Amino acid sequence: MADDRHRPDAGVTGPELVDARDLAGEPDGFQRLWTPHRMAYIGGENKPVDAAAGPGCPFCRIPTQDDEQGLVVARGQRAYVVMNLYPYNPGHVLVCPYRHVPDYTDLTDDELAEVGSLTQTAMRVLRAVMSPSGFNLGMNQGDVAGAGIAAHLHQHVVPRWDGDSNFLPVVGRSRALPELLADTRARLAAAWPQPSTTGR
Ligand SMILES: [Zn+2]
């Protein structure tokens, strides 16, 4: 990664250059307006090359990284919580089983229980930290249903605020995000109950 001199934040202490292939999320065609003056550069896309488990799958690879690097908010026994690299709103997290399975019906009872309890905890933590007015919860099952990474199940937890659907997504194909993902991750991780109350 050769020459940083032309980055707007060159010489400023801030987030390191991030390769999107190491992070979690599904490219959706929206541009993001990152409003803080500090800017994390996110290069490349995050699409797996195929449906296989392992390092080619972001949701398999992320748990092998440290929390800051992978934007991991919390780790359970059978599932984990991570910031979505392509958020619909600030605080948009994904709850993923560690196991590389595509379909909700593939989950074992234990995995199902932990995905559920991590989703509950994520809602509680997001309420405590960001005071949303509501949530959208859900899973896209299959490419046809809009899953960007259909091979590895992930549950979206999207905080909602009154008036958060403004003209920007429609007109500009852009979403304004007032906080860097790394900062949001740190706030949510700090508020996450310790030790983990899930998966036991
Ligand atoms: Zn996977």
Checklist entry - Which residue pairs have Cβ atoms closer than 9 Å, lie 6 or more positions apart in sequence or on different chains, and pair a first residue in segment 56-71 that is at negative phi and of a type in the set (Phe, Trp, Tyr) with a second residue that is surrounded by 20 or more Cβ atoms within 10 Å (Cβ to Cβ) and part of a loop (DSSP other than H, G, I, E, B)? => result PHE59/ALA24; PHE59/PRO48; PHE59/ILE149; PHE59/HIS152; PHE59/LEU153; PHE59/HIS154
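When residues of segment 87-111 are filtered for being closer than 23 Å to ASP143 by Cβ, of a type outside the set (Asp, Glu) and without any contact (Cβ under 8 Å) to a residue 40 or more places away in the chain, how many remain?
3
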Checklist entry - Just a yes or no: is a residue in segment 31-47 modelled with pLDDT of 90 or more, in a loop (DSSP other than H, G, I, E, B) and more than 16 Å from the ligand (Cβ to nearest atom)? => result no
Item to check | Filtered residues of segment 159-200 (kept if at pLDDT below 80 and not in a loop (DSSP other than H, G, I, E, B)) | outcome: PHE167, LEU168, PRO169, VAL170, VAL171, GLY172, SER174, ARG175, ALA176, LEU177
Checklist entry - Of the conditions (1) aliphatic (A, V, I, L, M); (2) modelled with pLDDT of 95 or more; (3) away from the ligand (no atom under 16 Å from the Cβ), LEU107 fails just one. Which one is it? => result (3)
Next on the checklist: Tell me yes or no: at least one residue of segment 56-66 is farther than 26 Å from ARG124 by Cα, in a loop (DSSP other than H, G, I, E, B) and either modelled with pLDDT of 60 or more or more than 16 Å from the ligand (Cβ to nearest atom) (or both).
Outcome noted: yes
Checklist entry - Can you pull out the strands (runs of 3 or more DSSP E) entirely within segment 76-144 that have at least 1 residues that are farther than 22 Å from CYS57 by Cβ and out of contact with any strand residue (DSSP E or B) (no Cβ under 7 Å at 6 or more places or on another chain)? => result none
Next on the checklist: Being closer than 27 Å to PRO193 by Cα, touching a Lys or Arg at 6+ places or on another chain (Cβ under 8 Å) and within 16 Å of the ligand (Cβ to nearest atom) is the requirement here; does PRO87 meet it?
Outcome noted: no
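The values are calculated or read from the model by the stated rules, or taken from the named source; none is laboratory data. A quick note: this is a predicted structure, and the numbers were derived from the prediction, not measured. Cβ atoms come from the backbone with ideal geometry, glycine included; neighbour counts cover every protein chain shown.
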